């Protein structure tokens with residue numbers, strides 16, 4: 001039986017047969033070893049994972065926890081640690097895998113804490129997480145009661161990291177697929193809740209992205225949008241000339257009023273802002289699991305309210321809205 005059979009069934013239940021029909025071919029094409037030179041090595045790492053039986057699976061604490069340290073033999077623990085370290089950098093988490101603490105670059109649990117009490121209950125919902133990374137928030141969504149969670153991310157290392165975690169967890173209706181939102185059929189209208197967190201400012205056309213998100217939602221479904229914003233009035237948007245916090249792939253960073261106007265233009269309603277939080281270096285930082293430059297390196301040393309380019313330092317908003 002296909003590892004994705006339960007996903008195909010969930011899509012058909014949501015009347016998304018068109019995607020269920022084409023998805024096997026999409027997945028096979030995206031996971032073709034000829035398209036990514038590291039894929040055979042990463043797959044070989046997953047094939048070496050020891051067969052383990054966790055005494056604990058916890059998706060409601062800060063770390064996604066699978067197993068306890070006492071569940072695993074010394075040799076198997078050493079092997080697991082070796083495999084997990086071969087997949088560095090780990091950017092979204094944290095994870096606790098049989099006592100191995102993966103302290104990721106992002107404390108993604110802090111973002112979850114900021115939004116979890118504001119969103120519509122996820123019980124029995126079909127959920128999409130766009131740009132999900134290694135799937136940390138997908139596990140938290142499943143832990144909050146979602147019926148099926150689908151994450152999408154075009155970076156194959158993120159997908160492999162998710163597959164490692166899922167292999168350790170065991171069967172679950174949680175999937176991370178190796179492509180971006182543009183691979184989803186138009187007019188899908190299948191998901192009860194769609195999350196887009198940390199994606200909008202990476203898109204050359206934010207309006208197109210918002211319309212893609214709306215296209216994935218059932219009528220009345222909920223969008224959970226988390227993105228960078230700037231202080232400013234309606235119509236004000238930051239378009240970096242080159243880099244923003246040393247990143248080249250940053251396009252439009254709107255004021256909150258501008259963002260709300262974009263959502264209205266894309267026919268979202270019931271728009272409400274539930275959180276505004278500056279990104280701090282205790283939430284995004286270098287660790288042994290992501291040993292490269294991080295936020296502290298991209299802010300002015302004498303003024304952390306500015307990026308190294310002299311632009312406003314990262315501030316993020318969480319906005320909820322419903323598909324009209």
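The values are calculated or read from the model by the stated rules, or taken from the named source; none is laboratory data. On a predicted model such as this, the values are computed, not experimentally measured, just so you know. Note: ideal-geometry Cβ built from the backbone for every residue, glycine included; neighbour counts use all protein chains shown.
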- Has region 125-145 got at least one residue that is closer than 21 Å to residue 198 by Cβ, modelled with pLDDT of 95 or more, out of contact with any strand residue (DSSP E or B) (no Cβ under 6 Å at 6 or more places or on another chain) and assigned to a loop (DSSP other than H, G, I, E, B)? yes
- Across region 166-204, which residue is nearest to residue 39 (Cα to Cα) among those that are in contact (Cβ under 8 Å) with a residue 60 or more places away in the chain and assigned to a helix (DSSP H, G or I)? 167
- Restricting attention to region 22-42, does a residue exist that is out of contact with any strand residue (DSSP E or B) (no Cβ under 9 Å at 6 or more places or on another chain), within 24 Å of residue 104 (Cβ to Cβ), at pLDDT 95 or above and surrounded by fewer than 17 Cβ atoms within 10 Å (Cβ to Cβ)? yes
- Message: Just the residues that are in a loop (DSSP other than H, G, I, E, B), out of contact with any strand residue (DSSP E or B) (no Cβ under 7 Å at 6 or more places or on another chain) and exposed (fewer than 13 other Cβ atoms within 10 Å of the Cβ), please, taken from region 43-59.
- Response: 48, 51, 53, 55
- Query: Do you know which residues across region 205-248 are assigned to a strand (DSSP E or B), touching a strand residue (DSSP E or B) at 6+ places or on another chain (Cβ under 8 Å) and farther than 30 Å from residue 124 by Cβ?
  - Reply: 228, 230, 237, 238, 244
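Only residues that are buried (at least 21 other Cβ atoms within 10 Å of the Cβ) and either within 25 Å of residue 296 (Cβ to Cβ) or out of contact with any strand residue (DSSP E or B) (no Cβ under 9 Å at 6 or more places or on another chain) (or both): list them for region 110-124, please. Can you show your working first?
Going residue by residue through region 110-124, those that are buried (at least 21 other Cβ atoms within 10 Å of the Cβ) are 111, 122.
Within region 110-124, 111 is the sole residue that qualifies.
Among the residues of region 77-114, write down those that are within 20 Å of the chain's Cα centre (by Cα) and part of a helix (DSSP H, G or I). Even if it seems obvious, please write down each step before you answer.
Taking region 77-114 and keeping what is within 20 Å of the chain's Cα centre (by Cα), we get 84, 87-97, 101-114.
Of everything in region 77-114, those that are within 20 Å of the chain's Cα centre (by Cα) and part of a helix (DSSP H, G or I) turn out to be 84, 108, 109, 110, 111, 112, 113, 114.
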- Task: Could you list all residues from region 59-83 that are in contact (Cβ under 8 Å) with a residue 60 or more places away in the chain and within 30 Å of residue 122 (Cα to Cα)?
- Result: 59, 60, 64, 66, 67
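On the basis of being buried (at least 16 other Cβ atoms within 10 Å of the Cβ) and under 25 Å from residue 182 (Cα atoms), does residue 19 make the cut?
Working: buried (at least 16 other Cβ atoms within 10 Å of the Cβ): yes; under 25 Å from residue 182 (Cα atoms): yes.
When the stated conditions are applied, residue 19 passes them.
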- Within region 263-297, residues farther than 25 Å from residue 161 by Cα, crowded, with 18+ Cβ neighbours inside 10 Å and touching a strand residue (DSSP E or B) at 6+ places or on another chain (Cβ under 8 Å) come out as 263, 268
- Selection status of residue 248, within 20 Å of residue 324 (Cβ to Cβ) and exposed (fewer than 12 other Cβ atoms within 10 Å of the Cβ): no
- Out of (1) more than 24 Å from residue 180 (Cβ to Cβ); (2) surrounded by fewer than 13 Cβ atoms within 10 Å (Cβ to Cβ), what's the single condition that is false for residue 67? (2)
